[in-house]
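A.B. asks: Can you read through this structure? Questions will come right after.
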Number of protein chains: 2
Amino acid sequence: MASIEDVAKRAGVSIATVSRVLNGTGYVSESTEIKVLKAIRELGYVPHFSAKSLARKKSFKVGVIISKRIDELLKTNVGEFYKIILDAIENYAALYKISLEIVLLEDVLKTSEVEFDGFIIVGSDASEEEINFLSSKAKVVLVDHYIDGLRIDSIVSDGYDGVFYVTRNFIDAGYNRIVHIHGPLKYYGFRDRYNGYVSAMQRYGKLPILFEYDDLHDEVDSVLKRVLRDWVPQVIICSNDVIALRVLSKLKEWGYKIPNEISVVGFDDIPDAEKEGLSTLRVQKAEMGINAVKRLNEILTGQSLHPHKQCLYTSYIKRNSSLI
Amino acid sequence: MASIEDVAKRAGVSIATVSRVLNGTGYVSESTEIKVLKAIRELGYVPHFSAKSLARKKSFKVGVIISKRIDELLKTNVGEFYKIILDAIENYAALYKISLEIVLLEDVLKTSEVEFDGFIIVGSDASEEEINFLSSKAKVVLVDHYIDGLRIDSIVSDGYDGVFYVTRNFIDAGYNRIVHIHGPLKYYGFRDRYNGYVSAMQRYGKLPILFEYDDLHDEVDSVLKRVLRDWVPQVIICSNDVIALRVLSKLKEWGYKIPNEISVVGFDDIPDAEKEGLSTLRVQKAEMGINAVKRLNEILTGQSLHPHKQCLYTSYIKRNSSLI
């Protein structure tokens, strides 16, 4: 059976270079990478990735970072979204013998001595500067967060894809008056879903009709009055379930027949969405947590070549708040 | 040591359900998934992912699909981009004992009997209908291609992120007259890079200045005359290296000093970019191929829960065609 030495010899490179190609640590030029991969193929060499990672003695220590805001949310049912992600991280880390500690963003930024091998930052409160600071201390994977041009590994739900999908489904079924109520566009998640709606409407020659609503500061009455001022929409697609549930309850209070007059769709699939019969795009919350652990483990064990953003597609869950 | 039976018992579910959670095959509700992961953690159960995939007897047969257009390109130096991806797929598949066959898109669509376990579709020529047809026959992973709302696994380069990054770098360095020459926006890749440029310009309060250029049908003279009509830009960011190299050569022919008067930046990092000293955003071509094989193997061996899009960040390679 071929050894790593045989591969190095045939490719005309050092063993260290073969190891860099296999483990993705450090820079290797494209032409060298191809030479090494070719030698591996010709010799039928099988690297022992698995043996290596299972047998490894060292147990990694990872800080799971949440903001004070999320820590507060976790005490309410709005925080269920993050609870599922955190549970999945905790449960899955055990498979990789990773020891976890949950730390507050505000605290870890103040600490000068960092004893972690890696960080999983959950949620979108960390700023670009804060993420840069943390990634200078240890390997970082972001969950439900991405920052343009920063090139930090991220695991996000594909809001663009999901909202495009559901908007197009309504268009295909003959609906015309489809509006989007979105949260503040400074947040990546809201912006991504907004782009999915706009893109689907434009692709099919329809004018996007948009309303901004900040669920922390605005009254749902006032935004809905604007939505309903000129005509009654057939479909209201909302940035998240919290907004959609408020819209749903207010429309019912005002006597609109749901879903016959107006279909309402959310995003996330929080537990209240199921309780209230809200149709929504389900974010794979547990899997976001699981994949963050997998990805950080790949990085810490040097099994990965290059940072990327992983966008998990959503699933459309039809309930009683919409006709399709 | 805990067994899969112990996990099933503790979680109060069947062994089949534990297996579904571990392998990601079939539907498992979020609450069940969490129960199973919790039991795994409490019992310290270690599943034998690796043993399973290494020891597996069956060798998968995968069709690597390219269009006739790409097959033609492979005979020229413009096809180098695809050649690197195809080489990486071929070399890396050997690690997983996957047997490959390169097939033409136009041929495989005509075949009624498909004997493949999976397809890797390279490039953006396959239409939505064609991809739907192929994914009804076998598992599909797209490379350098994504279709809105279709929810098929994709490996792409993150053009948005890369062009955002380089545009912002020029803005940060005090440049004002930054223009973008882009290919036809019906292609996902061009659209993605276009969005990165527009987003960076808007974020910093600048008006995006855009010129469309179809490298198959348009003369570079006519688009460059439009670009230069009112004033001389300081920076021209192009959709790909082919466009950038034509722009570079024409500007030099017309007597412009590169990079002192105008910086030119491409996208892809094809071999000619290095030869001509073109600054560009390097697409991790070999890694796109490698990750496509990894991902398809995950899907075929049932190790993955949910489809996603993987966006590999680009690297900026500064050469002589730009000041920064």
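The values are calculated or read from the model by the stated rules, or taken from the named source; none is laboratory data. A quick note: this is a predicted structure, and the numbers were derived from the prediction, not measured. Quick reminder, even Gly has a Cβ in these numbers, built from the backbone with ideal geometry, and neighbours come from all protein chains shown.
A.B. asks: From the residues in region B:102-135 that are more than 22 Å from residue B:79 (Cβ to Cβ) and charged (D, E, K, R), which one is surrounded by the most Cβ atoms within 10 Å (Cβ to Cβ)?
C.D. replies: B:117
A.B. asks: Additional query: Output the strands (runs of 3 or more DSSP E) that fall wholly within region A:55-168 and possess 3 or more residues being within 11 Å of another protein chain (Cβ to nearest Cβ), or say none. Even if it seems obvious, please write down each step before you answer.
C.D. replies: Details: elements: A:61-66, A:99-104, A:118-122, A:139-143, A:154-157.
The qualifying strands (runs of 3 or more DSSP E) are A:154-157.
A.B. asks: Please state which of the following conditions residue A:84 fails to meet, knowing it meets all the rest: (1) of a type outside the set (Asp, Glu); (2) buried (at least 19 other Cβ atoms within 10 Å of the Cβ); (3) touching a strand residue (DSSP E or B) at 6+ places or on another chain (Cβ under 9 Å).
C.D. replies: Checking residue A:84 against (1) of a type outside the set (Asp, Glu); (2) buried (at least 19 other Cβ atoms within 10 Å of the Cβ); (3) touching a strand residue (DSSP E or B) at 6+ places or on another chain (Cβ under 9 Å), the one that fails is (3).
A.B. asks: Related question: So which residues in region A:169-206 are hydrophobic (A, V, I, L, M, F, W, C) and either part of a helix (DSSP H, G or I) or modelled with pLDDT under 95 (or both)?
C.D. replies: A:170, A:171, A:185, A:190, A:198, A:200, A:201
A.B. asks: Just checking, how many residues over region B:296-308 are within 16 Å of the chain's Cα centre (by Cα) and more than 10 Å from chain A (Cβ to nearest Cβ)?
C.D. replies: 1
A.B. asks: Which residue is surrounded by the most Cβ atoms within 10 Å (Cβ to Cβ), if the candidates are limited to region B:29-45 and must be among the aliphatic types (A, V, I, L, M) and more than 7 Å from chain A (Cβ to nearest Cβ)?
C.D. replies: B:36
A.B. asks: I'd like the full set of residues that are under 28 Å from residue A:264 (Cα atoms), over 9 Å from the mean Cα position of the chain (by Cα) and of a type in the set (A, V, I, L, M, F, W, C), limited to region A:279-290.
C.D. replies: Scanning region A:279-290 gives A:281, A:286.
A.B. asks: State yes or no: is residue A:247 within 18 Å of residue A:220 (Cβ to Cβ), more than 14 Å from chain B (Cβ to nearest Cβ) and touching a Leu at 6+ places or on another chain (Cβ under 6 Å)?
C.D. replies: It is false that residue A:247 is within 18 Å of residue A:220 (Cβ to Cβ), more than 14 Å from chain B (Cβ to nearest Cβ) and touching a Leu at 6+ places or on another chain (Cβ under 6 Å).
A.B. asks: Which of (1) closer than 30 Å to residue A:259 by Cα; (2) in a loop (DSSP other than H, G, I, E, B); (3) within 13 Å of chain B (Cβ to nearest Cβ) does residue A:324 not meet, given it meets every other one?
C.D. replies: With respect to (1) closer than 30 Å to residue A:259 by Cα; (2) in a loop (DSSP other than H, G, I, E, B); (3) within 13 Å of chain B (Cβ to nearest Cβ), residue A:324 is out only on (3).
A.B. asks: Would you be able to say whether some residue in region B:190-199 is among the small types (Gly, Ala, Ser), free of Cβ contacts under 8 Å to residues at least 40 places away in the same chain and under 19 Å from residue B:279 (Cα atoms)? Explain how you work it out, then say what you get.
C.D. replies: Just the residues of region B:190-199 that are among the small types (Gly, Ala, Ser), to begin with: B:196, B:199.
Filter once more, so that each one left must be free of Cβ contacts under 8 Å to residues at least 40 places away in the same chain: B:196, B:199.
Okay, now just the ones that are also under 19 Å from residue B:279 (Cα atoms), so B:196.
Checked against the condition, which is being among the small types (Gly, Ala, Ser), free of Cβ contacts under 8 Å to residues at least 40 places away in the same chain and under 19 Å from residue B:279 (Cα atoms), region B:190-199 yields at least one hit.
A.B. asks: Given B:153, B:192, B:172, which one is assigned by TED's automatic domain parsing to the domain that holds residue B:241 and surrounded by 18 or more Cβ atoms within 10 Å (Cβ to Cβ)?
C.D. replies: Values: B:153 fails: assigned by TED's automatic domain parsing to the domain that holds residue B:241; B:172 fails: surrounded by 18 or more Cβ atoms within 10 Å (Cβ to Cβ).
Among B:153, B:192, B:172, only B:192 is assigned by TED's automatic domain parsing to the domain that holds residue B:241 and surrounded by 18 or more Cβ atoms within 10 Å (Cβ to Cβ).
A.B. asks: Next question. So how many residues does region B:207-249 have that are under 22 Å from residue B:283 (Cα atoms), part of a loop (DSSP other than H, G, I, E, B) and touching a strand residue (DSSP E or B) at 6+ places or on another chain (Cβ under 7 Å)?
C.D. replies: Result for region B:207-249: 3.
A.B. asks: Another question about this same structure. So, residue A:116, is that one over 25 Å from residue A:186 (Cα atoms) and among the aromatic types (Phe, Trp, Tyr) or not?
C.D. replies: So residue A:116 passes the test.
A.B. asks: Oh, and also: Do the conditions hold for residue B:125, that is, is it in contact with a Pro (Cβ under 8 Å, 6 or more places away or on another chain) and at negative phi?
C.D. replies: no
A.B. asks: Would you call residue B:311 facing chain A (nearest Cβ under 10 Å), touching a strand residue (DSSP E or B) at 6+ places or on another chain (Cβ under 8 Å), closer than 17 Å to residue B:162 by Cβ and not basic (Lys, Arg)?
C.D. replies: yes
A.B. asks: Another question, then. Kindly indicate whether residue B:109 is outside the structural domain of residue B:184 (by TED's automatic domain parsing), over 18 Å from residue B:69 (Cα atoms), modelled with pLDDT under 95 and more than 21 Å from the chain's Cα centre (by Cα).
C.D. replies: Answer is no for this residue.
A.B. asks: Taking the residues in region B:274-324 that are in contact with a Leu (Cβ under 7 Å, 6 or more places away or on another chain) and among the aliphatic types (A, V, I, L, M) as candidates, determine which candidate is farthest from residue B:151 (Cα to Cα).
C.D. replies: Going through the qualifying residues, I end up with B:278.
A.B. asks: While we're on this one: Suppose we filter B:265, B:242, B:293 for residues that are outside the structural domain of residue B:89 (by TED's automatic domain parsing), within 20 Å of the chain's Cα centre (by Cα) and more than 21 Å from residue B:177 (Cβ to Cβ); which single one remains? Reasoning before the result, please.
C.D. replies: Details: B:265 fails: more than 21 Å from residue B:177 (Cβ to Cβ); B:293 fails: outside the structural domain of residue B:89 (by TED's automatic domain parsing).
Result of the check over B:265, B:242, B:293: B:242.
A.B. asks: Suppose the filter is surrounded by fewer than 17 Cβ atoms within 10 Å (Cβ to Cβ), facing chain B (nearest Cβ under 9 Å) and more than 20 Å from the chain's Cα centre (by Cα); does residue A:177 pass it? Before you say what the answer is, go through the steps one by one.
C.D. replies: On the way: surrounded by fewer than 17 Cβ atoms within 10 Å (Cβ to Cβ): yes; facing chain B (nearest Cβ under 9 Å): no; more than 20 Å from the chain's Cα centre (by Cα): yes.
So residue A:177 does not fit the description; no.
A.B. asks: From A:212, A:253, A:261, grab the single residue that is surrounded by fewer than 19 Cβ atoms within 10 Å (Cβ to Cβ), more than 30 Å from residue B:29 (Cβ to Cβ) and without any contact (Cβ under 8 Å) to a residue 24 or more places away in the chain.
C.D. replies: None of the others qualify; the one that does is A:253.
A.B. asks: Would you please name the residue that is modelled with the highest pLDDT, looking only at residues in region B:5-28 that are facing chain A (nearest Cβ under 10 Å), out of contact with any Gly (no Cβ under 9 Å at 6 or more places or on another chain) and not in a helix (DSSP H, G or I)?
C.D. replies: B:28
A.B. asks: Which residues, counting only those in region A:277-293, are within 17 Å of residue A:193 (Cα to Cα), buried (at least 24 other Cβ atoms within 10 Å of the Cβ) and within 9 Å of chain B (Cβ to nearest Cβ)?
C.D. replies: Those that are within 17 Å of residue A:193 (Cα to Cα), buried (at least 24 other Cβ atoms within 10 Å of the Cβ) and within 9 Å of chain B (Cβ to nearest Cβ): A:284, A:285.
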